[in-house]
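These notes are about the structure you will find just below.
The values are calculated or read from the model by the stated rules, or taken from the named source; none is laboratory data. Note that the structure is predicted; figures quoted are calculated from it, not measured. All Cβ positions, glycine included, derive from the backbone under ideal geometry; neighbour counts span all protein chains shown. Heavy atoms of the whole protein, side chains included, go into the accessibility calculation; ligands, DNA and RNA do not. Shrake-Rupley method; radii C 1.70, N 1.55, O 1.52, S 1.80 Å.
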Amino acid sequence: MTSPANSPSPLKGRWALPFLGIACAVGVGSIYYNQPLLMVMGQSFSAAAHEMGFVAVATQLGYAAGILFFVPLGDIAERRSLMMRMYGAVSLGLLAAAFAQNLAWMIVASVFIGLMASVTHVALPMAPDLVPRERRGQAIGAVMTGLLLGILLARSFAGWVARLSNFKGALAVVSGWRAVFLVAAIMNAVFVPIIARAMPRMLPQQSLTYSRALHSLWGLFRDQPLLREAGVMGALTFACFSCFWTTIAFVLHAHYGMGPGVAGTFGVVGAAGAFIAPVAGRLADRKGPRYVVGAAGAVIMVSYIWLWFSESVKTSVPLHMAGLVLGVIALDVGAQMMQVANQTRIFGLGAEARSRFNTVYMTMYFIGGALGSALASVAWSRWQWDGVCTLAIGLIALAGLRHATGYSRNHKEILVAAPLSEQEPA
C-alpha cells in the first residue's frame, strides 16, 4: 500500500540529488576513518597488524548488520526522523571511538559506528524516485559520486588530521588519531539539524510491521535471481577493493616508514575515480547494466595486475609511488562502475521494496568487504604484498566466473518485481 495522497512528496529540484550525495558522504565516511589509522592505533593499544585489521572488519560487519536491521525501515518508517536519529547515533559511536582505551573498546565502538552509519542506505534508494525511469542509472551515479567521495576522502581526512598533534580549545583533550573521531562526531551531529531543515517529512510507501518487513527479505532474496547475482558480484568486488585499503598503510610503513598521512592521501588520488559514476550511470542506461558490470570487472583485474607489477620497482620510490597512484585510480574507477551497475539492476526490480532490495544487496556487499579485510590482513602478515595481490586477483576472477555463468547471461532485460503484497509471507 502506498503512502497517502496527501503525504509530502520526496525531495524535488536540482539540489535534491547533490543533497542526497552529501548525506551519503557524511554517513559513509564514518566507517572508513580507521583504515589509514590502523598502524598508529595499534601502537596505542600495543596490538599487532593482524589484530588491528579486525577493527576494519568490525566496522564493516557492523555496517552490514545495520543495513540488514535498520535499512528496511526506509520502506515502512518516516525517513526524515529515521535519518536524524541515526546520524545522532553515529556521532555517539564516534565519540566512543575517540576515547577508546584498548583494542576491545575500539572494536565495540567500531561495530556501533558501522550499525548506525548504514543511514547512507536509507538515503540512497530515494534517488530513482527523483527522475524518470530512463534516467535511473544517471541519478544513482550522481548520488554514488557523493558516496564514493565520502569513502575515499574520509581516508585522506583521517590520515592528515592524525598528523596534527596539537589542538587548541575544545580539542586540547585529544590528539592524533583520537582527534579524527572527535571531529567526525561533530560533523555527524551538525548534520542532524541540517536534515531537519532541508528535508520534508517522507511517509513510507508500504504499510508493514517491522517483523514482516524483515521476514520479506528472505522472500526477495529467494525470488529474485538478479538480486542474488548482483549481491554475489558486489560482495566479491568489495572484498577485492578492501584488500587494498586495509593493507596500504602497512605497505607504505614497511617500505618507506611512511605514516597515516601518506596512506590517507591515496584517498584523494582515488577520489578521481568517483567522477566515473555519472558516466557509468549513463552507460548503464544506454547499453545495459550487464555491459558495465563486465567492463568494471576487467578494469579491477587490470588494476591489481598493475599494482602487483609496481611492487617490482619499489627500489625507486618515485616509480613505485606513480605505479600505486595509477593502480588506485583504476581500482576505484572499476569499483564505482560495478556499484552503479549493480544498484541500477536492483532498483529496477520494483519501487515499493527498494530499501529492502538495497538491504539484501548491501548486506552481502559488506559481508564481502569484511571478509576481504580479514583475509587481506592474514595475507599481508604471511606473504606481504604478493599474498594480498594474489588474493584480490582470485576474488575478482571468481566474480568474473559468476558474471559469465549467472542469471543475467540469459535474461537481458531487468524484470519488474511483482507487487510486494504478492511477495510477503502470509
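In table form, for the structure just shown:
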| quantity | calculated |
| --- | --- |
| Output for segment 392-411, where each listed residue is within 24 Å of the chain's Cα centre (by Cα) and open to solvent by 40 Å² or more (accessible area, probe 1.4 Å) | ALA397, LEU398, LEU401, ARG402 |
| Selection count where residues are assigned to a loop (DSSP other than H, G, I, E, B) and at pLDDT 95 or above, scope segment 380-426 | 0 |
| Candidates ALA330, ALA374, filtered to the one that is modelled with pLDDT of 90 or more and within 15 Å of SER242 (Cα to Cα) | ALA330 |
| Any chance LEU73 is under 26 Å from ALA198 (Cβ atoms), touching a Lys or Arg at 6+ places or on another chain (Cβ under 9 Å), hydrophobic (A, V, I, L, M, F, W, C) and open to solvent by 10 Å² or more (accessible area, probe 1.4 Å) | yes |
| Lone qualifier among ARG133, ARG85 - being in contact with a helix residue (DSSP H, G or I) (Cβ under 9 Å, 6 or more places away or on another chain) and of a type in the set (Lys, Arg) | ARG85 |
| Checking THR315 against (1) of a type outside the set (A, V, I, L, M, F, W, C); (2) assigned to a helix (DSSP H, G or I); (3) at pLDDT below 85, the condition it does not meet | (2) |
| Boolean, ALA109 is touching a residue at least 12 places away in the same chain (Cβ under 8 Å) and either at positive phi or in contact with a Leu (Cβ under 6 Å, 6 or more places away or on another chain) (or both) | no |
| Qualifying residue in segment 58-75 (condition: part of a helix (DSSP H, G or I), over 16 Å from the mean Cα position of the chain (by Cα) and modelled with pLDDT under 85) | yes |
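Let's see how each residue does on (1) modelled with pLDDT of 80 or more; (2) open to solvent by less than 70 Å² (accessible area, probe 1.4 Å):
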residue	(1), (2)
ALA154	yes, yes
ALA158	yes, yes
ASN166	no, no
MET187	yes, no
ALA196	yes, yes
MET202	no, yes
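Residue by residue, here is whether (1) modelled with pLDDT of 70 or more; (2) crowded, with 19+ Cβ neighbours inside 10 Å; (3) of a type in the set (D, E, K, R); (4) more than 17 Å from MET41 (Cβ to Cβ) holds:
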{"position": "LEU252", "(1), (2), (3), (4)": "yes, yes, no, no"}
{"position": "GLY257", "(1), (2), (3), (4)": "yes, no, no, yes"}
{"position": "VAL268", "(1), (2), (3), (4)": "yes, no, no, yes"}
{"position": "PHE275", "(1), (2), (3), (4)": "yes, no, no, yes"}
{"position": "VAL279", "(1), (2), (3), (4)": "yes, no, no, yes"}
{"position": "VAL292", "(1), (2), (3), (4)": "yes, yes, no, yes"}
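One line per residue, one yes/no per condition, for (1) part of a helix (DSSP H, G or I); (2) small (Gly, Ala, Ser); (3) open to solvent by less than 10 Å² (accessible area, probe 1.4 Å):
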{"position": "GLY297", "(1), (2), (3)": "yes, yes, no"}
{"position": "ILE300", "(1), (2), (3)": "yes, no, yes"}
{"position": "TYR304", "(1), (2), (3)": "yes, no, yes"}
{"position": "ASN342", "(1), (2), (3)": "yes, no, yes"}
{"position": "ARG354", "(1), (2), (3)": "yes, no, no"}
{"position": "MET362", "(1), (2), (3)": "yes, no, yes"}
{"position": "LEU375", "(1), (2), (3)": "yes, no, no"}
